[in-house]
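Inspection log for the structure reproduced underneath, given as structure tokens.
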Amino acid sequence: MTTTPPATVLNIVVIGGGPAGAATALSLGQQGHTVQLFEAYPHPLTVEKNAPKAYGLSLGKRGLDGLREATGITPASITGGILSTSMVRHPTQKVIQRQLAVPVPRKALAAHILDRCAAAGVTVRYEHRLVGIDFETREATVADHSAPGAEPPRRTVAYDLLVGCDGSRSQVRTLMDATLPDFRVLRAETDTMEYQVVTLPAHPFPALPKDAMHAWNNKAYNSIAISYPLVSDDDDEGGMIFGIVFPEGKFDEFRKNHAQSQGAEEKKDTYDDALRQLLPDLEEATRHDIKEQLFQGTPANGGTCIWNSSLGSAEHGVVLVGDAGHGMWPSLGQGANCALESVAIFCRTCQQVVSAGPAAAAPPQVARAIIQQFDAERLEEAHAAVDLTFGGIGSTKSRGQKNAPLSYKLQIMGMMLLHKLTVGLVPKPAMLRLMTGEVMSYSEAKLYNFYYEKMICVSAVVALGLPVLAWYLR
């Protein structure tokens, strides 16, 4: 991004200091705009290691390209991230080679970007929560929770462009939906899964690749676990971080049964039984450590799928970027990747519109043009990404207490079989391509997943069945 002052300098307020908000603020600051970022929580590195916001992200090519375009940050430079090219499937411990990904704790990625904002002239204010927006006067009101006292002081901040990057439970989006006639939340579906974060002080699989991500799943409890190595400050082995996922309510059930057991052997629907089935190749002492951390920790919901009528209000200078505009469940691993891609597209749009406009253009008109162009380019893809999460492998029929429907399993298996029989002429299932890091448009993936693959499988069955039927009837 250029540091040459833009033709029109916008007064920009960014709400939310997660990876998407931090990257947006950094990129717009690098472009020369006046940027203030307000984050509701303290600096991300103050987050406890087992807190819900300490969960891990896996950045594939889509997310890494978006981050690099928007901010100039390269994969190898991400503090706390590792360059991973393999996945281990447990309990078989089969090593699968995959495209480059960078697993990194969310708090480490956010801190890495936020700590670069000052050099770009961005003002970052932690523990400042949005409490209101006057859309007509273009003023946002935030409460300073870092100040002592029972009643946090408030400040009003004027803006030309307000960017909501405050996640799938966005306060910016809530205020827009309640106030603006040109914006609506069309649909919201809360996940039926919950997760907890656990860390181990040492790597439990020293014989396996050091950079590998690890995955477990268990049908009995409909649970999964994803883990990867942590990087310590001295670049030695820093243990492992786990994201452990169970259907909604299970963690509370386990906690209640554990508290009542009082040291007795735990039976079904307990931490011991669930972890034994989910993580059978971990040592008993390691599972005990995980159990104690789960008991002391707090579960969090996986997220919300959000469909909006648009990605902002051009009339009022407000835009939604990242999960605020297209929240999705984590089942496909696309949340952070899609969000960072949106950041890159939005920041590129800002630069293009400002560069193409006259030097004396009024900031509100420039903001309007930015939002209109971004919405036109990104809305369809945003809806497709959420549709894939909700209606594909991550649909309600394969979340919570139910497993994927038989027809969908047959579709995936059929496409994999045809891929092998045709030596790659028939592509792998679109959902698997997305999950393994291949970059394809979400709209294209949606067409394949919901329509083309069904047609291909049915055609293959018909092509094989007709000769058999003809032989039978001869």
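Return the carbon/sulfur percentage of the accessible area of the chain, one whole number, probe 1.4 Å, all protein chains in place. Please list the in-between numbers first.
Values: 11860 of 21040 Å².
So the carbon and sulfur contribution to the accessible surface is 56 percent.
Convert each backbone phi in segment 144-152 into a coupling constant with the Karplus relation 6.51 cos²θ - 1.76 cosθ + 1.60 (shift: θ = phi - 60°), then list the ³J(HN,Hα) values in order as whole Hz, x for Gly and Pro.
8, 7, 7, 7, x, x, 6, 10, x
State the label only: which of [x] 25.7; [y] 27.2; [z] 31.7 corresponds to mean projected area of the Cα convex hull in nm² computed from the shown model?
[y]
May I ask you to derive the relative contact order of segment 244-318, considering only C-alpha pairs under 8 Å and at least 6 residues apart, and to give it as an integer percent?
Numbers: 31 pairs, mean separation 16.9, N = 75.
Taking the mean separation of contacting Cα pairs over the length of segment 244-318, I get 23 percent.
Order of 95-105, 76-86 by packing, highest average Cβ count within 10 Å first?
95-105, 76-86
Normalised by the number of residues in the chain, what is the relative contact order in percent for Cα pairs under 8 Å and 6+ residues apart?
Numbers: 958 pairs, mean separation 87.2, N = 474.
Across the chain, relative contact order equals 18 percent.
When ligands, DNA and RNA are left out and all protein chains stay put, how many square angstrom of accessible area per residue does the chain have with a 1.4 Å probe? All intermediate terms of the calculation are to be shown ahead of the outcome.
Values: 21040 Å² over 474 residues.
Using a 1.4 Å probe on heavy atoms only, each residue of the chain averages 44 Å².
To the nearest 20 Debye, how big is the dipole of the chain about its Cα centre, given +1 on the beta carbon of each Lys and Arg and -1 on that of each Asp and Glu? Walk me through the intermediate numbers first.
Working: 43 positive and 48 negative charges, 295 e Å.
Value, rounded to 20: 1420 debye.
Could you calculate the contour length gain from His419 to Arg68, that is, 0.36 nm times the residue separation minus the distance between their Cα atoms, to one decimal place in nm?
Working: separation 351, 0.36 × 351 = 126.36 nm, distance 3.29 nm.
Fully extending the segment from His419 to Arg68 adds 123.1 nm.
How many nm is it between the label spots at Ala188 and Arg125, if each spot is 7 Å from the Cα in line with the beta carbon?
2.5
What's the center-to-center distance, using Cα atoms, between segment 238-309 and segment 1-48 in Å?
After rounding, the separation between the Cα centres reads 36 Å.
What nm value, rounded to one decimal, do you get for the distance between Thr174 and Gln97 when each label is placed 7 Å out toward the C-beta?
Modelled inter-label distance: 4.9 nm.
Using modelled backbone amide H atoms (1.01 Å from N, in-plane), which distant-in-sequence or interchain residues come within less than 5 Å of Leu57's amide H?
The answer is Val104, Arg106.
Relative contact order of segment 7-106, please, whole-number percent, based on alpha carbon pairs below 8 angstrom and at least 6 residues apart.
Details: 129 pairs, mean separation 24.9, N = 100.
Normalised by residue count, the contact order of segment 7-106 is 25 percent.
Dipole of segment 1-130 (Lys/Arg Cβ +1, Asp/Glu Cβ -1, origin at the Cα centre): which of Leu64, Leu83, His43 lies farthest to the positive side?
It is Leu83, whose Cα lies furthest towards the positive end.
Could you pull out every residue, at least 5 positions away or on a different chain, whose amide H is within less than 5 Å of the one on Val88? Hs are placed 1.01 Å off N in the peptide plane, and Pro or chain starts have none.
Amide H neighbours of Val88, under 5 Å, 5+ apart: Ile96, Met213, His214, Ala215.
Please enumerate, by chain and number, the lysines with C-alpha under 23 Å from the C-alpha of Lys268, excluding those fewer than 8 residues away in the same chain.
Lys219, Lys250, Lys256, Lys291, Lys402
In debye, nearest 20, what is the charge dipole magnitude of segment 404-474 about its Cα centre with +1 on Lys and Arg Cβ and -1 on Asp and Glu Cβ, if you could check? Could the numbers behind the result be given before it?
Numbers: 7 positive and 3 negative charges, 34 e Å.
Dipole size: approximately 160 debye.
Let me have the 222 nm mean residue ellipticity of the chain computed from DSSP H runs of 4+ only, each contributing -39500 (n - 2.57), with the sum over all residues rounded to the nearest 500.
Numbers: 14 runs with 178 residues, N = 474.
Only helices count here, giving -12000 deg cm²/dmol.
Grab the other residues whose beta carbon is less than 12 angstrom from that of Phe251, score K and R as +1, D and E as -1, and report the net.
Numbers: positive: Lys250, Arg255, Lys256, Lys291; negative: Glu194, Glu248, Asp252, Glu253, Asp269.
That works out to -1.
I'd like the antiparallel share, as a percent to the nearest 5, of DSSP beta bridges with both residues in the chain. Could the numbers behind the result be given before it?
Details: 49 of 68 bridges.
Restricted to the chain, the bridges split so that about 70 percent are antiparallel.
FRET efficiency for Leu447 and Ser146, Cβ-Cβ distance as r, R0 = 56 Å, nearest 0.05? Mind showing how you got there, number by number?
Working: r = 48 Å, r/R0 = 0.86.
With a Förster radius of 56 Å, E is 0.70.
Could you name the lysines whose alpha carbon sits less than 21 Å from that of Lys420, not counting residues in the same chain fewer than 8 places away?
Lys94, Lys409, Lys428, Lys454
Arrange the peptides 319-332, 459-472, 428-441, 56-69 so that the one whose residues have, on average, the most other Cβ atoms within 10 Å appears first. Can you show the working numbers first?
Values: 319-332: 27.6, 459-472: 10.1, 428-441: 18.4, 56-69: 22.4.
My ranking of the peptides, most packed first, is 319-332, 56-69, 428-441, 459-472.
Report the Cα centroid-to-centroid distance between segment 164-213 and segment 428-470 in angstrom, as an integer.
Between the Cα centre of segment 164-213 and that of segment 428-470, the gap is 29 Å.
Once phi is turned into θ = phi - 60°, what whole-Hz ³J(HN,Hα) does the Karplus curve with 6.51, -1.76 and 1.60 give for every residue of segment 6-21, x standing for Gly and Pro?
Each residue's phi maps through the Karplus curve to give x, 4, 10, 8, 8, 8, 10, 10, 10, 9, x, x, x, x, 5, x Hz.
Quick one: which residues, 5 or more positions from Gly303 or on another chain, have an amide H under 5 Å from its amide H? H modelled 1.01 Å from N in the peptide plane, none for Pro or chain starts.
Amide H neighbours of Gly303, under 5 Å, 5+ apart: Asp191.
Go through segment 318-327 residue by residue and turn each phi into a ³J(HN,Hα) via Karplus (6.51, -1.76, 1.60, θ = phi - 60°); whole Hz please, and just put x for glycine and proline.
10, 9, 10, 10, x, 4, 4, x, 8, x
Kindly state, to the nearest 0.05, the FRET efficiency for Leu83 paired with Gln277, given R0 = 51 Å and r defined as their beta-carbon distance. Walk me through the numbers on the way to the answer.
Numbers: r = 32 Å, r/R0 = 0.63.
My answer for the efficiency is 0.95.
About the Cα centre of segment 174-233, how large is the charge dipole given +1 on each Lys and Arg Cβ and -1 on each Asp and Glu Cβ? Please answer in debye to the nearest 20.
Working: 4 positive and 7 negative charges, 49 e Å.
Its charge dipole is roughly 240 debye.
The values are calculated or read from the model by the stated rules, or taken from the named source; none is laboratory data. Treat the numbers as computed from the prediction; the structure is a model and nothing was measured. Note that we place each Cβ from the backbone using ideal geometry, even for glycine, and neighbour counts take in every protein chain shown. For the accessible areas, the whole protein counts, side chains as well, though only heavy atoms, and no ligand, DNA or RNA atoms are used. Shrake-Rupley method; radii C 1.70, N 1.55, O 1.52, S 1.80 Å.
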